[in-house]
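This report concerns only the one structure given below.
The values are calculated or read from the model by the stated rules, or taken from the named source; none is laboratory data. Fair warning: this is a prediction, and the values are worked out from it, not measured in the lab. Backbone-built Cβ (ideal geometry, glycine too); neighbour counts: all protein chains shown. Remember, those area values only see protein heavy atoms, side chains included, never the ligands or the DNA or RNA. Shrake-Rupley method; radii C 1.70, N 1.55, O 1.52, S 1.80 Å.
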Amino acid sequence: MNTLTKLDQRALDQAYAQACKSRDEGGIPIGSALVNQVGEIVAAGHNMRVQSDDPTAHAETVCIRNAGRRRDWHTLTLASTLSPCAMCTGTAILHRIPRVVIGEHQSFMGREDWLDAEGVEVVLADDRRCIELMERFISERPDLWDEDIGVPPKR
């Protein structure tokens, strides 16, 4: 577990709040937040796949979309409650976001290898709240989880 800075913790706390919001809406409990160098939350978002019927509406992409047009991506930190998938990793790399704080990667290991290969600083929090939230969701809704990560239906 990495020691989080106050900035990292602020971003992860906001991401976690977003994950809970998605859970409460009946969606996938994954949240994300962008924070600037002085700790201001620039944008936040949560997984909206279920709510919007949009398979690309992952928490990180929703958060980045909510940030709007910017020129300061290279100064921001992206926090996500769960390790970012290939699509979300690619979005962070495309926008040259230099730091990604990850709540947990026990439930799902995304493309942290790609972030690392691109020189992105990856901070793994191993946050108990994030782990428990995903474990509970996967246990209660394995069908929805499999749909989210692209596992074909069992025959």
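As a calculated quantity, the FRET efficiency between Lys6 and Lys154 at R0 = 41 Å, using C-beta atoms, amounts to about 0.35. Using the Cβ-Cβ distance between Leu94 and Asp53 with R0 = 22 Å, the FRET efficiency computed as 1/(1 + (r/R0)^6) comes to roughly 0.35.
At 222 nm, what helix-only mean residue ellipticity would the chain give, in deg cm²/dmol to the nearest 500, using -39500 (n - 2.57) for each DSSP H run of four or more? Could you put the intermediate results ahead of the total?
Values: 7 runs with 68 residues, N = 155.
My calculation for the chain gives -12500 deg cm²/dmol from helical runs alone.
In what order, largest first, do Phe108, Phe137 sit by accessible area if the probe radius is 1.4 Å? Show your work: numbers first, answer last.
Working: Phe108 55, Phe137 20 Å².
Per-residue accessible area, sorted high to low, gives Phe108, Phe137.
Kindly work out what percent of the DSSP beta bridges joining two residues of the chain are antiparallel, to the nearest 5.
Values: 9 of 17 bridges.
In the chain, DSSP labels about 55 percent of beta bridges as antiparallel.
With the whole protein complex present, Arg129 retains an accessible surface near 80 Å², based on a 1.4 Å probe. Label separation (Leu144 vs Ala86): 2.6 nm, computed from points 7 Å beyond Cα along the C-beta direction.
Label-to-label distance for Phe108 and Gln37 is 3.3 nm, based on points extended 7 Å past Cα in the beta-carbon direction. By its C-alpha gyration tensor, with a ≥ b ≥ c as the square roots of the eigenvalues, how is the range 68-136 shaped: rounded for a/c under 1.5, else prolate for a/b larger than b/c, else oblate? The shape class here is prolate. Computed from backbone phi with θ = phi - 60° and the Karplus coefficients 6.51, -1.76 and 1.60, the 3J(HN,Hα) list for the range 102-116 is 10, x, 6, 9, 6, 6, 7, 9, x, 9, 4, 4, 5, 4, 4 Hz; x is used for glycine and proline.
Once you sort the root eigenvalues of the Cα gyration tensor of the range 98-155 as a ≥ b ≥ c, which label holds: rounded (a/c under 1.5), prolate (a/b larger than b/c) or oblate (the other case)?
oblate
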